[in-house]
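Please read the structure below before turning to the comments.
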Amino acid sequence: MSSAAIKLDQVTKTFDGKVIAVDGVTLDIEAGEFFSLLGPSGCGKTTSLRMIAGFEQPDSGRVHVGGQDITDVPVHKRDMGMVFQSYALFPHRTVAENVAFGLRMRDVPKPEIARRVASALAQVALTGLEARKPGQLSGGQQQRVALARALVIEPRVLLCDEPLGALDRKLRQQMQFELKELQRRLGVTLVFVTHDQEEALAMSDRIAVMNQGKVEQIGSPTEIYEKPRTRFVADFIGEINLLDDGPKPRALRPEKIRLGPAAEARLAGTIETANFVGGATLYRVRAADNRAFLVRETHAGERAPRAAGDAVGLSWNDTDTVSLEG
Amino acid sequence: MILRHDTEPMPAPAALRPSPIAWLIAPALLLFVLFFVLPFSVMAVMSVYSGNPVTNPNAFLTTRHYMRFIVDDADIFHDALWATLKIGFITTVISLLIGYPLAHWMARMQSRLGHVLVLMAVIAPLLTGIVVRTFAWMTILQDKGVINTTLMSWGLISKPLPLMYNEFGTVVALVHIYVPFMVLTLTGVIGRIDERLEQAARSLGAGRIRAFVEVTLPLSLPGVLAGSLLVFALSISAYVTPSLMGGNDVLTLPMLIAQQVGTSFNPNFAGALGMILLVVCLIIVIAYNKILTRLTGEKGLA
């Protein structure tokens, strides 16, 4: 399967002439990359995806795929696979007919359709369910049918709009692994829209964090997590402590703070709450100057977890703080 | 079969115990019995008697009313049945052709205000009586009506077009009257079809029209079925509009029935005609349902 690079060039989209959904967004997505658009609802991530798919026409700016300007190419000629949040499976057709749909639209001969549908269903471990209707499948199975239906046409680009959003946590995690595995195996360019930062961090090669129609930061998951550029990114990704005491705001991740005896620490404080999160505990510590800090401490060896009310000292290295733009 | 030897009575299954809310359907049930079951039974009984068995002790059981319809030397009754079904069929098809695009447009409309305005426009004609609407069409379609006088003053025609007192005028007025039923039924069904299904089809390589034909149309067939049956049933039982718009050219079964009751004083034959209309109508409905179900593989209404 060949894959294609995607380029959004200064793309803007307004709705009803007033609501700016996407505001001058420029993205360079490499061929074969797992690229996530991450942000809260209404940040423009889905609209950006829909412009790549062709469901929305940008007011200004161009969309390129594989080096070709496709801004004016209609949806059905773009050769992209799309997986919707609701799966959008055709309820009146069987699993096999759903998967065969794209091939049928391409006038692929019948024997070849049968062969490719069977192999696509095998790829997502659904062999044997060909004759079922979507309504007879579980959420996870429907998800796989949607994936098989999008992949069977061998698209250059696979677009996913919160495809795992409707699944429960356990299944979602399993599908994260499977989707990532499948994407790597096929080498297809995958654009993944999500509001779940954990999901984006776990799966992506690169992430674009969006806010109010603009891209706040683009980078690898570690870059985004370790070196957030703006206050919004720092706050949106994981837990964060914002230090406003210097000329510029700085961010400090909870796991970078060490707890110890108050005498040797930078700050003294009292533990307000202790939340065990499995393998680690997240503490909320009220410092002497009344600021609240989040501190994550992993449980090494036999050290007993601390309890609410304990007096502790907080220390960190200045190199672990990240200056933010604002 | 399972034999139970315990002495305690088995508790009634929950499903068999009527819910207290079930009493709320009592008024509807009463209405149904009073205004449908009862008159219908009277009609059925009358249709097999020679006279009124209550007032006339000499009335006897007979099939002669049905025989009269079946033999029908002058072909009047067969023609009336045929005209009724034909008008009903044409009205239904035209209502569907006009109503479907309108309903689709309404169901997919983004703006709430626009939706409300179109809905009001669709419902507004229902607020005027059928007689008023039919008379309105008469002023438009008659020989000295708006269309004919305009065309003649432009010199496009030399004598008036026969726009009413025929099947054409009847169908025009019936379509106008019953199209809202089609639109409202279809809008509900189309509105519940997820738009993303059509988008998914397009992303898989189907053009707009193909996506509609492959996805939205088959999924809306239950609405097409319900809407057509509603319009068909209403137009084959219409009386006022065919009488006013059809003139001497059109004789439908409801008109014939009214004649039998009103001028020929033969309620027994009228009853038989009513039963025949009902049975023919039922056969058509069942056949239509079967055909659509087979075409789509979907569950029909029945």
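For the range B:166-187, taking the residues that are open to solvent by 30 Å² or more (accessible area, probe 1.4 Å) and either in contact (Cβ under 8 Å) with a residue 12 or more places away in the chain or small (Gly, Ala, Ser) (or both), the one that is nearest to the other protein chains (Cβ to nearest Cβ) is identified as B:Thr185. Considering every residue within the range B:218-235, establish whether at least one is within 20 Å of the chain's Cα centre (by Cα), more than 12 Å from chain A (Cβ to nearest Cβ) and open to solvent by 60 Å² or more (accessible area, probe 1.4 Å). Yes, some residue in the range B:218-235 is within 20 Å of the chain's Cα centre (by Cα), more than 12 Å from chain A (Cβ to nearest Cβ) and open to solvent by 60 Å² or more (accessible area, probe 1.4 Å). The residue that is least open to solvent (accessible area, probe 1.4 Å), counting only those in the range A:161-183 that are more than 12 Å from chain B (Cβ to nearest Cβ) and either of a type in the set (Gly, Ala, Ser) or in a strand (DSSP E or B) (or both), is A:Gly165. If you filter the range B:252-282 down to residues that are under 18 Å from the mean Cα position of the chain (by Cα) and more than 21 Å from B:Ser41 (Cβ to Cβ), you find that the one that is surrounded by the fewest Cβ atoms within 10 Å (Cβ to Cβ) is B:Met255. Starting from residues that are buried (at least 17 other Cβ atoms within 10 Å of the Cβ) and not aliphatic (A, V, I, L, M), keep the ones in the range A:236-254 and report whichever is farthest from A:Asn211 (Cα to Cα). Here the answer is A:Pro254.
Across the range A:270-295, the number of residues qualifying as more than 29 Å from the chain's Cα centre (by Cα) and over 24 Å from A:Ser323 (Cα atoms) comes to 4.
Determine whether the range A:120-140 contains at least one residue that is among the charged types (D, E, K, R) and facing another protein chain (nearest Cβ under 9 Å). No, there is no match, as no residue in the range A:120-140 is among the charged types (D, E, K, R) and facing another protein chain (nearest Cβ under 9 Å). For the range B:23-60, what are the residues that are free of Cβ contacts under 8 Å to residues at least 40 places away in the same chain and among the aromatic types (Phe, Trp, Tyr)? Correct list: B:Trp23, B:Phe32, B:Phe35, B:Phe36, B:Phe40, B:Phe60.
In the range A:82-93, the residues that are more than 7 Å from chain B (Cβ to nearest Cβ) reach residues that are acidic (Asp, Glu) with C-beta atoms within less than 8 angstrom, at least six apart or across chains, in these pairs: A:Val83/A:Asp161; A:Gln85/A:Asp161; A:Gln85/A:Glu162.
Could you tell me whether the range A:226-235 includes any residue that is hydroxyl-bearing (Ser, Thr, Tyr), on the phi < 0 side of the Ramachandran plot and open to solvent by 10 Å² or more (accessible area, probe 1.4 Å)? Don't jump to the end; show me each part of the working.
First, the residues of the range A:226-235 that are hydroxyl-bearing (Ser, Thr, Tyr): A:230.
Imposing the further condition that a residue be on the phi < 0 side of the Ramachandran plot reduces the set to A:230.
In the following step, the residues that additionally are open to solvent by 10 Å² or more (accessible area, probe 1.4 Å) were identified as A:230.
Checked against the condition, which is being hydroxyl-bearing (Ser, Thr, Tyr), on the phi < 0 side of the Ramachandran plot and open to solvent by 10 Å² or more (accessible area, probe 1.4 Å), the range A:226-235 yields at least one hit.
In the condition set (1) touching a residue at least 12 places away in the same chain (Cβ under 8 Å); (2) part of a loop (DSSP other than H, G, I, E, B), B:His104 is compliant with all but (2). With the requirement that a residue be closer than 13 Å to B:Glu198 by Cβ and of a type in the set (A, V, I, L, M), what does the range A:70-88 give you? If the condition is that a residue be closer than 13 Å to B:Glu198 by Cβ and of a type in the set (A, V, I, L, M), then A:Val75, A:Met82, A:Ala88 are the ones that fit. Looking at the range A:128-146, can you tell me whether even one residue there is loosely packed, with under 14 Cβ neighbours inside 10 Å and of a type in the set (A, V, I, L, M, F, W, C)? There is at least one residue in the range A:128-146 that is loosely packed, with under 14 Cβ neighbours inside 10 Å and of a type in the set (A, V, I, L, M, F, W, C).
The values are calculated or read from the model by the stated rules, or taken from the named source; none is laboratory data. This structure is a prediction, so every number in the text was calculated from the model and none was measured. Every residue, glycine as well, gets a Cβ built from its backbone with ideal geometry; the counts of neighbours run over all protein chains shown. In case anyone asks, the SASA skips ligands and DNA or RNA and just uses the protein heavy atoms, side chains included. Shrake-Rupley method; radii C 1.70, N 1.55, O 1.52, S 1.80 Å.
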